[in-house]
1. By the scheme Lys and Arg +1, Asp and Glu -1, what is the net charge of all other residues having a beta-carbon under 12 Å from that of ALA102?
2. Percent of Cα-Cα pairs more than 14 Å apart in the stretch 57-108, please.
3. Once the other residues with Cβ under 10 Å from the Cβ of ILE91 are scored (Lys, Arg +1; Asp, Glu -1), what is the net sum?
4. Let's test the formula: R0 of 25 Å, r as the Cβ-Cβ distance of SER84 and SER40. What FRET efficiency results, to the nearest 0.05?
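What follows draws every value from the coordinates through simple rules; no lab data is involved. The structure displayed is predicted, hence computed values, not measured ones. Here the Cβ positions follow ideal geometry from the backbone for every residue, glycine too, while neighbour counts run over all protein chains shown.
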Amino acid sequence: MNQQSNQTSGPAVSAPPGALMCPVPVEDLSGITLAQRGGSLQGLRIGFLGNLKPNCDVLLHTTEDEVMKLGAAGTLFREKTSCSLGASEDILNEIASTCQAAVVALGD
């Protein structure tokens, strides 16, 4: 009988509540240039893109409330039309043209 392990390959990472984490292992980031990060959300408009999976809207709206507490000027919430397809060009263009940062989340 073949039994699979639920262990992760990397070291455990702990972070304070509310900390933002990148889910990509550090070794996978070589050759990838990340977008420049600002020091504050103060005065920024933040876009949120959901994928229609269960609990995605809960995660994004909770995060939306938190960024407003951190001084964001406003938010824009959009959802894809299908969880199995990419977001439409219209949605991506709207977020890109009206927001200074964006949050994309998966649910389940």
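1. 0
2. Cα-Cα pairs in the stretch 57-108 separated by more than 14 Å: 56 percent.
3. In short, -2.
4. Once the sixth-power term is evaluated, E becomes 0.10.
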